[in-house]
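For reference, the structure discussed in these notes is given below.
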Amino acid sequence: MRASASIELKASILLLAAVAVMLPLSRSAQLPNLALKAYVANGGAPVYPGMEGVMLLVVLQNVGSEHLTNVVGKLDLSGTPFTTPMGKVGYSAFGGVVQPGRLVNLFYNLSVSSDARPGSYTATLSVSYQTTSGRPVAEEFTLELKVGIEAGRLVVSITQASVRPGEEGTMLVKLTNPGDKPIYSISVSASPLTSFRREELPLVEEPVYVPSPSPIALKGHVSYFIRELPAGASATLVFRFVVSLDAKEGTYPLYVTVSYTSSSEVAESYVAGITVLKPIKQPEEQEPQKPILSVSSVDVRPEPVRPGGEFELEVSLENLGEAPALEVKLEYAEETEQQTEVDITSLLTGAQPQTPQQPQRAFLPSGPPAVILKEVQPGESVLLVMKLIADLALEEGVYPVQLKLEYKDPLGNTYESPITIGVRVVKEPSLKIYAVSLSRLSESRAELTGTVANVGQGKAQGVALDVYCNGRVYTYYIGELEAGESEDFLLTVEVPSASEVEVEIKMLYTDTQGREIQSTYHKSLTVPPAEAEAKSKGSSMKLLYLTAIAVAAAMVLLLIRGRKVSRRITPHYEPAEPEALAALGGGGARAASDTD
């Protein structure tokens, strides 16, 4: 008896130990509750040293069976060249409440050190939350963040010819991309600089340098735009200029500005020296005085232009000649051929450009087709403004505007010169929010739904929503929205028992050119209290229950009535008397048997 009791006691102790070991295993078996679905930095574009505003998106999914609340993701950037905009290596983002199976987006705005070396770096993401049972839980994930090699910088070389007063010359600007990545949005413009001459003034011991207008004036193209220059490629731009007749021998500066997009926006300036040789002496009667009108600057406002949008061309003219320019007229040249997007390769190499299907006329005057001035005196500068409107069917690109400048000298001689201006057309997206509503899920939580629609002309990229509700911030990432597309969003938010809630939604996205666009949506929403919803649900259930009883009673009555009718129409046969059967004979008996 003692031996059997000892065996039972040992078995009980072993069973209790097994249960004690299994209890923590069952709790740990509930982890993980979160799964790392995706993470992307800078929208998938390369990240380079010195960049700021690098948006890191981390997408997690609740793979457990419980609601997760107070989700906070702390990003540890120690040992990486990434920091917060304030220079810190710790960054926390709030994710709110996550239902089972739902996704949560965490956004981090990062900066990259300017001396960061290319390579991969490891960051740790620690996500803390509480389950429905109230247990605090933390999970860790490893993120690999990459820093790439800078796309490179343009190599600019300038070649110019020597000219004499009154002659035309050319300046060549060669752009070379020696790197292994393309360079985008290259803009090159040229303009003459004001020079200084040395003069000896009376009563002044030291010489004085007095500014004087430049004798160099540009003709034709004053700026170029190249959308993309591939790796290892080069392009040569041609600038034509003319030297005034009274230019003295010497070197005069010509200002060249080059801007482009590499890992960041780059702007560089160069000064080219135009050498003016000694003029050839000719009889004065062979060199009559004449006006020389030159385009000193051109502005497009607003820039870039949207399809169907109105814009202004501001053309600044300067008279570099010795005689006044009379009856000055700047007019919009009628297009006799099909307007096509400017192909910079064909402009520089002389090859025939491709002619895709484009509108017959890219631009039309929205006001007078010509601007007329009575006269422009020597050394005077004037500003002429012409209003145009872009065709609604234009695609994105650079389109030329053909203008014609015409004026006369005092002797009645007419001078004409064409002016070509490149106008950049960009389709801009525009996001609107519709049908925002709240439906309560419980006493402290509600479901926020709505629709984001792109009502603009271009594609919206990197669309993200920041939702401010009841003092909390929730994020929702959409991605890309083509023009005319829309997408519904759904968020679980915490709301008080009050019936009125203020909701503010901030939208952040970029267009195809990388420009950031922000807009804000604000609305006051009414949510019924949880008790009112419970009462309404209870009354609805009661009504359904009474309806079901009434339908069941009607069915029972119909069944009973059907049975009574069947009894009235069913044939009934009484058994025959033996004497009657005998009188009928055997055949009758068989017939009765068959009938039964």
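Tabulated values for the structure
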| item | result |
| --- | --- |
| Filter pass, S444 being modelled with pLDDT under 85, loosely packed, with under 12 Cβ neighbours inside 10 Å and among the polar types (S, T, N, Q) | no |
| Residue that is farthest from P368 (Cα to Cα) [pool: residues in the stretch 392-415 that are of a type in the set (D, E) and modelled with pLDDT of 85 or more] | D409 |
| Residues (in contact (Cβ under 8 Å) with a residue 24 or more places away in the chain, of a type outside the set (S, T, Y), in a strand (DSSP E or B) and over 30 Å from G514 (Cβ atoms)) located in the stretch 403-425 | L403, K404, L405, E406, K408, P418, I419 |
| Residue check for A351: among the small types (G, A, S), surrounded by 15 or more Cβ atoms within 10 Å (Cβ to Cβ) and either touching a Gly at 6+ places or on another chain (Cβ under 9 Å) or modelled with pLDDT under 80 (or both) | no |
| Single residue of Y108, Y121, Y129 found to be touching a residue at least 12 places away in the same chain (Cβ under 8 Å), surrounded by 16 or more Cβ atoms within 10 Å (Cβ to Cβ) and more than 32 Å from the chain's Cα centre (by Cα) | Y129 |
| Yes/no for S157 being more than 30 Å from G321 (Cα to Cα), polar (S, T, N, Q) and at pLDDT below 80 | no |
| Checking D488 against (1) surrounded by 13 or more Cβ atoms within 10 Å (Cβ to Cβ); (2) under 25 Å from R102 (Cα atoms); (3) acidic (D, E), the condition it does not meet | (1) |
| In the stretch 67-102, the residues that are among the polar types (S, T, N, Q), under 18 Å from V493 (Cβ atoms) and in a loop (DSSP other than H, G, I, E, B) | Q99 |
| Subset tally (residues that are surrounded by 13 or more Cβ atoms within 10 Å (Cβ to Cβ) and either modelled with pLDDT of 90 or more or outside the structural domain of M55 (by TED's automatic domain parsing) (or both)) for the stretch 74-105 | 8 |
| Some residue of the stretch 128-142 being of a type outside the set (A, V, I, L, M), more than 30 Å from G397 (Cα to Cα), in a loop (DSSP other than H, G, I, E, B) and modelled with pLDDT of 85 or more | yes |
| Residue that is farthest from the chain's Cα centre (by Cα), among those in the stretch 34-66 that are surrounded by 19 or more Cβ atoms within 10 Å (Cβ to Cβ) and in a loop (DSSP other than H, G, I, E, B) | G64 |
| Residue tally, condition farther than 19 Å from S296 by Cα and not basic (K, R), over the stretch 374-403 | 12 |
| Options G456, G462; residue that is surrounded by 19 or more Cβ atoms within 10 Å (Cβ to Cβ), touching a residue at least 40 places away in the same chain (Cβ under 8 Å) and either closer than 30 Å to S187 by Cβ or of a type in the set (G, A, S) (or both) | G462 |
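For (1) out of contact with any helix residue (DSSP H, G or I) (no Cβ under 8 Å at 6 or more places or on another chain); (2) at pLDDT 85 or above; (3) loosely packed, with under 13 Cβ neighbours inside 10 Å, each residue gets a yes or a no:
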| position | (1), (2), (3) |
| --- | --- |
| Y434 | yes, yes, yes |
| L438 | yes, no, no |
| T451 | yes, yes, no |
| Y474 | yes, yes, no |
| V527 | yes, no, no |
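The values are calculated or read from the model by the stated rules, or taken from the named source; none is laboratory data. This structure is a prediction, so every number in the text was calculated from the model and none was measured. Methodologically, a virtual Cβ is constructed for each residue, glycine included, from the backbone with ideal geometry; neighbour enumeration extends over all protein chains shown.
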